[in-house]
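Reading through the structure tokens given below for one structure.
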Amino acid sequence: MHHPCVTIPAALVEKLATARHVVVLTGAGVSAESGVPTFRDAQTGLWANFKPEDLATPSAFRRDPKLVWEWYAWRRETVAKVAPNPAHHALTAMRGRFRQFTLITQNVDGLHQRAGSEDVIELHGNITRTKCFQEDIVVTEWPDTGDLPPKCPRCGGLLRPDVVWFEESLPEGAIASALAASRACDLFLSVGTSTVVYPAASLPLEARDAGATIVEINPQPTPLTPKADFVLSGPAGVVLPVLLKHVPA
Ligand code: OAD
């Protein structure tokens, strides 16, 4: 693939030099260059090939728990086989360069953490964790009875991935911290997200209402594009490392 060179506008370079609290919201696009499929890209997106209502809702799980468990097991295997890309690494390096830095992700793949990022706010859970469908508590071990899905060792209920499904609410602490950071920051980067899924998509809007500068990094336009102060149109793995070079060490 050929990428035109990324130019960072002087006004953004100035902003990067003076920002005190930077918030970054990431979506599936940040992991695309690692080989993790996004959701809504035509052809390659998961929701172009699977129906969310069959796989990512509590009623889908009630209807066919084995199908849902196996679909997530397949996604878990994909994630285990890939590695963080330059976008994840650039975000890890950015952390120490600002007085305050908050990394919020909608991704469930854990790639930010594998790239060394700490205190990542996971809005939609993590595919590598498992919880009890009955009790809604995280379970780390269960007897291998061959059941799919496996059974909760405490209550015998079905085990499910610890991710947020459609029709479910976000983890309370995660969305509360994400909102507070978004309202308090002076620079907000929206990276690799289509900004169509709420409440995550409200975070850049909250930041903007509170006076922050909004930067979008995405090869495609999104509903946020017309509201962003700066749009860096390109793949995150190319744009973020260039952006990092403009952040004073
Ligand atoms: P989407 O699949 O909706 O959007 C991915 C975005 O990444 C698109 O806007 C692409 O243009 C962009 N993109 C693709 N490749 C990129 C690259 N190399 N660099 C930067 N951007 C790139 O994914 P999300 O916005 O993350 O929810 O979707 C939000 C939520 O919808 C997900 O968290 C998931 C899904 O249903 C749950 O699982 C609860």
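The values are calculated or read from the model by the stated rules, or taken from the named source; none is laboratory data. It should be emphasised that the depicted structure is a prediction, and the values quoted were computed from it without experimental measurement. Please note: Cβ atoms are built from the backbone with ideal geometry, for glycine as well, and neighbour counts cover all protein chains shown. Accessible surface areas use protein heavy atoms only, side chains included; no ligands, DNA or RNA. Shrake-Rupley method; radii C 1.70, N 1.55, O 1.52, S 1.80 Å.
Things to note:
- Whichever residue in segment 17-35 is in contact (Cβ under 8 Å) with a residue 60 or more places away in the chain and small (Gly, Ala, Ser) and, among such residues, is nearest to residue 175 (Cα to Cα): 27
- When the residues of segment 4-47 are filtered to those that are open to solvent by 60 Å² or more (accessible area, probe 1.4 Å) and within 23 Å of residue 84 (Cβ to Cβ), the one that is modelled with the highest pLDDT is 33.
- Under the condition of being under 20 Å from residue 22 (Cα atoms), touching a residue at least 12 places away in the same chain (Cβ under 8 Å) and open to solvent by 30 Å² or more (accessible area, probe 1.4 Å), the residues counted in segment 219-232 number 4.
- Hey, residue 61 aromatic (Phe, Trp, Tyr), within 16 Å of the ligand (Cβ to nearest atom) and over 18 Å from residue 237 (Cβ atoms) or not: yes
- Residue 114 vs. criteria in contact with a His (Cβ under 9 Å, 6 or more places away or on another chain), basic (Lys, Arg) and farther than 28 Å from residue 61 by Cα: yes
- Residue list for segment 192-218, restricted to those being closer than 18 Å to residue 18 by Cβ and surrounded by fewer than 16 Cβ atoms within 10 Å (Cβ to Cβ): 210, 211
- Residue list for segment 70-122, filter: small (Gly, Ala, Ser) and under 19 Å from residue 20 (Cβ atoms): 93, 96
- Residues of segment 194-213 satisfying the condition of being of a type in the set (A, V, I, L, M, F, W, C) and more than 15 Å from the ligand (Cβ to nearest atom): 207, 210, 212
- Within segment 104-132, the set of residues being assigned to a loop (DSSP other than H, G, I, E, B), open to solvent by less than 60 Å² (accessible area, probe 1.4 Å) and away from the ligand (no atom under 16 Å from the Cβ) comprises 116, 117.
- When residues of segment 29-56 are limited to those that are of a type outside the set (A, V, I, L, M, F, W, C) and more than 10 Å from the ligand (Cβ to nearest atom), the one nearest to residue 236 (Cα to Cα): 35
- Verdict on residue 189 being within 26 Å of residue 6 (Cα to Cα), more than 17 Å from the chain's Cα centre (by Cα), within 12 Å of the ligand (Cβ to nearest atom) and crowded, with 21+ Cβ neighbours inside 10 Å: no
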